[in-house]
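Shown next, in structure tokens, is the structure this report addresses.
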Amino acid sequence: MINNIEYNSQKELLTISEYGRNVQNLVTHAKAIEDDEERQHFAEAIINLMHQMNPMHRNNQEYREKLWRHFFRIADFDIKVVPPDGEIPNPESSKLSPDVVPYPNRDYNYRHYGNNVKSMITKAIAMEDEEKRIEFAETIGAYMKLAYRTWSREHYVSDEIIREDIKKLSKGVLVLDEEKPLDSLTSKIRKRPARPTHHSNNSRNRRHNKSNNRRRR
């Protein structure tokens with residue numbers, strides 16, 4: 001004799017599938033409990049079970065509040081229990097959507113320079129010392145030329161293009177000297193000496209000690 005098989009497709013749909021059918025059945029059973037105190041204890045036990053499914057949120061109070069909201073959703077908001085904070089969720093509050101995250105407003109006309117160029121230009125504009133502002137602007141211009149060459153190796157970029165772009169990005173505040181070529185500043189950035197590492201210092205010391213030992217012999 002073959003027993004009748006009940007498929008999941010024939011069962012009641014899960015309200016929140018991440019908790020599984022067992023939790024939903026427990027919530028359904030809690031709704032049928034007549035004694036208020038017993039129902040409250042049973043509901044709290046269900047919350048603890050739901051919490052054990054994600055132990056990484058053990059000390060997160062906001063997560064427990066979220067579990068209570070999910071509990072009421074599974075119960076179709078038709079159960080007489082009270083959460084620890086005393087605030088009973090309702091269907092309207094469960095439909096609240098999260099705040100819209102603003103999309104970053106970036107000027108894609110100059111994206112080949114990278115996102116940090118605009119921040120550096122803002123910092124240069126805020127400088128009170130005129131001499132330091134000019135030096136910093138020249139450094140930014142040299143960096144922009146390097147970035148442009150890296151982005152488009154097939155196209156030639158002149159100092160005039162860089163001067164015009166930095167002037168537009170700074171709204172006319174930063175104006176580079178036309179007599180000073182940016183390539184001279186670019187070469188300084190490329191030829192900046194690297195700091196000696198701890199390893200190289202140790203190697204140098206070992207060679208020095210070996211030389212002294214040979215002399216003593």
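Restricting attention to the range 61-87, the residues that are under 21 Å from Asp35 (Cβ atoms) and part of a helix (DSSP H, G or I) total 4. On the stretch given as the range 55-79, residues that are exposed (fewer than 13 other Cβ atoms within 10 Å of the Cβ) and over 16 Å from Gln24 (Cα atoms) total 7. When restricted to residues that are out of contact with any Ser or Thr (no Cβ under 9 Å at 6 or more places or on another chain) and surrounded by fewer than 17 Cβ atoms within 10 Å (Cβ to Cβ), the range 112-133 contains 13. Against the condition assigned by TED's automatic domain parsing to the domain that holds Ile88 and within 13 Å of Ile79 (Cα to Cα), how does Ala45 come out, does it pass? It is false that Ala45 is assigned by TED's automatic domain parsing to the domain that holds Ile88 and within 13 Å of Ile79 (Cα to Cα). May I ask you to verify whether Glu6 is at pLDDT below 90 and either surrounded by fewer than 14 Cβ atoms within 10 Å (Cβ to Cβ) or within 23 Å of Glu92 (Cβ to Cβ) (or both)? Here the answer is yes, as Glu6 does meet what is asked. Confirm whether Met56 is modelled with pLDDT under 95 and part of a helix (DSSP H, G or I). Yes: the conditions hold for Met56. Give me the pairs: first residue in the range 123-134 and within 14 Å of Leu176 (Cβ to Cβ), second residue surrounded by 14 or more Cβ atoms within 10 Å (Cβ to Cβ) and basic (Lys, Arg), beta-carbon distance under 6 Å, and six or more apart or on different chains, which are they? These pairs meet every condition: Ala124/Arg133. Of the residues examined, Leu14 is not one that is closer than 24 Å to Gly86 by Cβ and either in a helix (DSSP H, G or I) or hydrophobic (A, V, I, L, M, F, W, C) (or both).
Of a type in the set (Phe, Trp, Tyr), loosely packed, with under 14 Cβ neighbours inside 10 Å, in the same structural domain as His112 (by TED's automatic domain parsing) and out of contact with any helix residue (DSSP H, G or I) (no Cβ under 7 Å at 6 or more places or on another chain) - does that describe any residue in the range 154-173? Checked against the condition, which is being of a type in the set (Phe, Trp, Tyr), loosely packed, with under 14 Cβ neighbours inside 10 Å, in the same structural domain as His112 (by TED's automatic domain parsing) and out of contact with any helix residue (DSSP H, G or I) (no Cβ under 7 Å at 6 or more places or on another chain), the range 154-173 yields at least one hit. Taking first residues from the range 15-28 that are more than 20 Å from Pro91 (Cβ to Cβ) and partners that are surrounded by 12 or more Cβ atoms within 10 Å (Cβ to Cβ) and of a type in the set (Val, Ile, Thr), the Cβ contacts under 9 Å between residues at least 6 apart in sequence or on separate chains come to Leu26/Ile46. If you go through the range 146-166 and pick out every residue that is basic (Lys, Arg) and within 32 Å of the chain's Cα centre (by Cα), you end up with 2.
Basic (Lys, Arg), out of contact with any Phe, Trp or Tyr (no Cβ under 6 Å at 6 or more places or on another chain) and modelled with pLDDT of 90 or more, is that true of Arg64? No: the conditions fail for Arg64.
The values are calculated or read from the model by the stated rules, or taken from the named source; none is laboratory data. These numbers were taken from a predicted model, which means no experiment stands behind them. Cβ coordinates were reconstructed from backbone atoms using ideal geometry, including for glycine residues, and neighbour counts include every protein chain displayed.
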